[in-house]
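Asker: Take a look at the following structure, please.
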Amino acid sequence: MKIFLFMPLLLSCAFTYCQSVPSTDTLPPRHSGNLLAFPFIVRSLETDWGFGGITAHFFKAEKHDTTIRTSDVNLLALYTLKKQLIIVLSSTIFFPREDRIGRFQASYSYYPDKCWGLGDHTSFDAGEPFTQKQFFINPQFLQRVHRKLYVGITYEFQHSDKISYITGGVFDKENIAGRYGGNTSGAGPIISWDTRNNAYSPDHGIFAEMQFVLFDPHLGSNFKFRVFNADLRKFFPLDKRSVLGVQGIAGLTWGNTPFRKLEELGGSDMMRGYYGGRFTDKCLMAYQAEYRRLLFWRIGMVAFAALGEVSGTPSGFGLDGFHYSYGGGARFMLSKDEKLNLRIDYGIARHSNAFNVQLREAF
């Protein structure tokens with residue numbers, strides 16, 4: 001991959017647009033927010049070369065309250081040489097005093113992809129191409145109940161067109177639910193504990209969150225199933241310039257779970273180096289650790305390692321099923337005030353490796 005050839009252009013564009021914010025690295029009280037916008041060029045296992053743009057607005061819900069974290073609204077569009085189209089609108093809003101938190105994500109994608117079938121031991125050579133269009137929307141609302149403890153509700157709706165795949169291939173052989181398309185619609189509770197000092201690149205604190213979502217025909221879903229997700233993160237400050245972050249995630253589904261709601265191992269955030277969705281099944285657990293260090297000016301580096309596994313049932317996990325990946329990367333701090341980083345990672349895994357370029361940290 002030749003992505004480093006394009007990084008000077010990408011970083012130059014990002015930094016140029018950042019100059020529209022105040023020259024200091026803090027927001028004066030009279031300013032309600034910052035606007036960041038730049039084009040980008042990326043390459044990954046899933047997308048090949050990709051071209052797009054992102055616009056992000058950062059603001060304080062109460063501009064005179066310096067104790068609340070920064071809210072954001074982001075719009076991203078990406079088109080790739082694999083003829084993939086992705087459009088994402090997302091937002092996280094911290095209301096005054098952070099008594100309430102609102103989250104929102106909506107996306108549309110036309111996405112030629114690969115499927116290796118279900119399970120933790122699928123053959124590297126078994127990947128089959130498929131294509132699917134889908135629309136996704138997920139609003140969430142959380143209310144503080146005690147100190148940093150929040151409870152809330154999440155709603156998910158996803159419309160997926162019929163998957164275009166090889167007839168008689170892995171989708172038919174394994175009778176994978178959802179290959180003919182349909183709607184999933186579900187709602188459920190969230191419980192969250194969040195003591196991180198920064199939402200984008202924390203150097204201390206804990207984030208722990210659990211979600212349980214019921215998808216049911218009474219809510220407009222064509223599939224009846226349940227999903228439980230847990231995400232635990234801890235950040236240890238090592239000195240003024242470095243931090244160690246650790247994360248563990250778990251995902252469990254029960255019922256007639258369609259293909260696009262199964263748990264997936266791989267991608268740009270967890271198990272970097274593996275193709276996104278390289279291992280897919282109803283249950284997942286994965287762990288990673290990352291060392292982050294600011295080197296000089298706005299430049300930083302990271303080193304990371306991860307373990308993960310998927311299974312058809314919770315009882316199917318075993319020590320012999322773990323996959324691993326490791327790697328390192330560079331960071332360019334787009335905003336010192338918000339600690340918002342542009343990251344480029346190189347992950348190494350069995351049979352594959354990959355560059356990933358993203359806005360914000362992996363966790």
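The values are calculated or read from the model by the stated rules, or taken from the named source; none is laboratory data. Just so you know, these numbers come straight off a predicted model, no measurement behind them. Here Cβ is always computed from backbone atoms with ideal geometry, including for glycine, and neighbour counts include all displayed protein chains. Keep in mind that these areas ignore ligands, DNA and RNA; they rest on the heavy atoms of the full protein, side chains included. Shrake-Rupley method; radii C 1.70, N 1.55, O 1.52, S 1.80 Å.
Asker: With respect to the cross-link table entries Lys173/Lys282; Lys82/Lys339; Lys148/Lys336; Lys234/Lys336, which display a Cα-Cα separation exceeding 28 Å? Could you put the intermediate results ahead of the total?
Answerer: Values: Lys173/Lys282 17 Å; Lys82/Lys339 33 Å; Lys148/Lys336 25 Å; Lys234/Lys336 22 Å.
As for pairs spanning more than 28 Å Cα to Cα, those are Lys82/Lys339.
Asker: Stick to the Cα atoms of the chain, pair each with every other, and give me the Kirkwood hydrodynamic radius in Å at one decimal.
Answerer: Numbers: mean 1/r = 0.0465 Å⁻¹.
Radius from the Kirkwood sum: 21.5 Å.
Asker: Using just the Cα positions, wrap the stretch 129-186 in a convex hull and report its mean projected area in square nanometres, one decimal place. Don't skip to the end; give the middle numbers.
Answerer: Details: hull surface 22.0 nm².
If you wrap the Cα atoms of the stretch 129-186 in a convex hull and average its projections, you get 5.5 nm².
Asker: Which whole-angstrom value gives the distance between the alpha carbon centres of the stretch 146-161 and the stretch 208-278?
Answerer: If we compute the Cα centre of each part, the gap is 13 Å.
Asker: Something else about it: Express the C-alpha Rg of the stretch 53-118 as a ratio against the empirical globular expectation 2.2 N^0.38 Å, rounded to two decimals. Could you put the intermediate results ahead of the total?
Answerer: Details: Rg = 16.7 Å, N = 66, 2.2 N^0.38 = 10.8 Å.
Taking the Cα Rg and dividing by 2.2 N^0.38 Å, one obtains 1.54.
Asker: Over the Cα atoms of the stretch 229-363, Rg to Rh with Kirkwood Rh, two decimal places?
Answerer: Working: Rg = 15.8 Å, Rh = 15.6 Å.
That ratio is 1.01, to two decimals.
Asker: Translational D (Stokes-Einstein, µm²/s) of the stretch 93-160 at 10 °C and 1.306 mPa s when Rh comes from the Kirkwood sum over C-alpha pairs?
Answerer: Values: Rh = 15.3 Å.
After rounding, the answer is 104 µm²/s.
Asker: Next up: Have a look at His57, Ser71, Ser90 and report the one farthest towards the positive end of the charge dipole of the stretch 51-92, computed about the Cα centre with Cβ charges (Lys/Arg +1, Asp/Glu -1).
Answerer: So the residue furthest toward the plus end is Ser90.
Asker: Tell me the mean residue ellipticity at 222 nm calculated for the chain from its helices only (DSSP H runs of n ≥ 4, each -39500 (n - 2.57), averaged over every residue, nearest 500).
Answerer: Working: 2 runs with 16 residues, N = 363.
After summing the helix terms and dividing by the residues of the chain, the value is -1000 deg cm²/dmol.
Asker: From the mean inverse distance of alpha carbon pairs (Kirkwood) and the Cα radius of gyration, derive Rg over Rh for the stretch 49-188.
Answerer: Numbers: Rg = 19.6 Å, Rh = 18.0 Å.
Taking Rg over the Kirkwood Rh, I get 1.09.
Asker: Right, something else. Evaluate the Debye formula for the stretch 159-272 with equal point scatterers sitting on the alpha carbons, no solvent, and hand back log10 of I(q)/I(0) at q = 0.11, 0.14, 0.16 Å⁻¹, in q order, two decimals.
Answerer: Those come out to -0.52, -0.75, -0.87, one per q.
Asker: Here is a further query. How much of His64 can a 1.4 Å solvent probe reach, expressed as accessible area in Å² and rounded to 10?
Answerer: Its accessible surface works out to 130 Å², give or take rounding.
Asker: For Ile87, tell me the accessible area in Å² from a 1.4 Å probe, rounded to the nearest 10.
Answerer: 70
Asker: Output the 0 to 90 degree angle, nearest 10, between the alpha-carbon long axis of helix 7-18 and the longest principal axis computed from the alpha carbons of the chain.
Answerer: 50
Asker: Here's another thing I want to ask about it. Quick check: pseudo-label points 7 Å beyond the Cα along Cα→Cβ at Tyr291 and Asp48, how many nm apart are they?
Answerer: 3.8
Asker: Further question on the same structure: Based on alpha-carbon centroids, what's the gap between the stretch 37-53 and the stretch 298-348 in Å, whole number please?
Answerer: Between the Cα centre of the stretch 37-53 and that of the stretch 298-348, the gap is 19 Å.
Asker: Right, next: Calculate the spin-label point distance for Arg97 paired with Ser352, positioning each point 7 Å from the Cα along the beta-carbon direction, and give it in nanometres.
Answerer: Distance between label points: 4.8 nm.
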